[in-house]
Amino acid sequence: MNGRAPRLPPLNALRAFWAVMRRGSFRAAADELLVTPQAISQQIRLLEETLNLRLFTRRGRAIEPTEEAQILSRFVAAGFDEFSEGIRRVTQTAQRSRININVSPYFATRFLLERLESFRRQMPGADLRLTTMVELPDFDRDDIDVAIQWGFGDWAGLDAQLLVRDPKIICCAPDLAPELTGPEDLSAQTLLHPVRALSLWDRVFAHLGLDSDGITGALQLQDAATMRRATISGMGVGLISRRDAAEDLAAGRLVAPLGADVLAGMAPKDVPGFYLLLPRAHRRIEIIRRFCDWISAENWDALI
């Protein structure tokens, strides 16, 4: 065998063949397909020539399928069933009202939920299904239409659009503040790292003019809520989102020993953010496209 796939016959010939197999005659197949018996005969002859097989034995006006035709018919039937199912699915997709959204837990609670009703007013028939996940979902396996995730925008193969930056403030519990009189003191502390962006402290150190090779202690945490709790409890120095930090600084739960604006001038590429992510083909579905248009037009910066 040379390993090459056999040349597929024309679809019309297969369609005529399947009609003959189901109807039992060329005339009945012709009536179903709204063509002449001669046209059916021509398609069957083309199929036989393409396959180099005899598919029907003529006995007067009657035809009898060969063994090869019986075998082929099962696969042709399965193929046309698959075509029908595919058409059914894409037709339902084009007219669907449901949208499956997977969102970073922090963005969901701090940004999206309080504004989602405005989208529902624009699309009153929309069936929204919202799940939260720290990791990027598998769009096919998890049946996800759109995701909103935290990071630096480096998602290969996906349409990624920045919705809002997530600037950080260096914070610690009040008891740790006396040990942090300047940026150089950070390297002696336990630094709390977000698992999804282990390079974030390296970027902070570079902005502060420090060598991150001097870091001696580190603790990796899964999400923003855990980072905040660990920082408040005194487990180390955390990078806290500005909105959370403002609340905790005002309440005295945290302090910003180097100043709340020490990271204000970081290069945009070094500041993480929340990104709208989806396979490019998903935008062709109207409900998904309208959700993307809505969320892109919202002013999320006002909530930082």
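The values are calculated or read from the model by the stated rules, or taken from the named source; none is laboratory data. Because the structure is predicted, anything quoted here is derived from the model rather than measured. When we count neighbours, we look across all protein chains shown, and the Cβ atoms used for this are built from the backbone with ideal geometry, even at glycine. SASA here: full protein model, heavy atoms, side chains in, ligands and nucleic acids out. Shrake-Rupley method; radii C 1.70, N 1.55, O 1.52, S 1.80 Å.
Here are some notes:
- For beta carbons closer than 8 Å, sequence separation of 6+ or different chains, a first residue in the range 36-62 that is among the aromatic types (Phe, Trp, Tyr) and a second that is open to solvent by less than 70 Å² (accessible area, probe 1.4 Å) and part of a helix (DSSP H, G or I), the qualifying pairs are 56/20; 56/44; 56/69.
- Exclusive hit being among the aliphatic types (A, V, I, L, M), over 31 Å from the mean Cα position of the chain (by Cα) and not in a loop (DSSP other than H, G, I, E, B), set 176, 219, 210: 176
- Test set (1) of a type in the set (Gly, Ala, Ser); (2) closer than 21 Å to residue 148 by Cβ; (3) touching a Lys or Arg at 6+ places or on another chain (Cβ under 9 Å) - residue 173 fails condition number: (2)
- Boolean, residue 122 is at pLDDT 90 or above and polar (S, T, N, Q): no
- Within the range 121-132, tally of residues that are part of a loop (DSSP other than H, G, I, E, B) and touching a helix residue (DSSP H, G or I) at 6+ places or on another chain (Cβ under 8 Å): 2
- Within the range 286-304, the set of residues being open to solvent by 30 Å² or more (accessible area, probe 1.4 Å) and either farther than 19 Å from residue 107 by Cα or under 13 Å from the mean Cα position of the chain (by Cα) (or both) comprises 286, 289, 290.
- No other residue among 248, 211, 244 is touching a helix residue (DSSP H, G or I) at 6+ places or on another chain (Cβ under 9 Å), modelled with pLDDT under 95 and among the charged types (D, E, K, R) apart from 211.
- The single condition from (1) part of a loop (DSSP other than H, G, I, E, B); (2) polar (S, T, N, Q); (3) open to solvent by less than 30 Å² (accessible area, probe 1.4 Å) that residue 181 fails is (3).
- Test: residue in the range 257-266 that is within 30 Å of the chain's Cα centre (by Cα) and either at pLDDT 95 or above or open to solvent by 20 Å² or more (accessible area, probe 1.4 Å) (or both): yes
- Considering (1) open to solvent by less than 60 Å² (accessible area, probe 1.4 Å); (2) out of contact with any Phe, Trp or Tyr (no Cβ under 8 Å at 6 or more places or on another chain), the lone condition that residue 212 does not fulfil carries the number (2).
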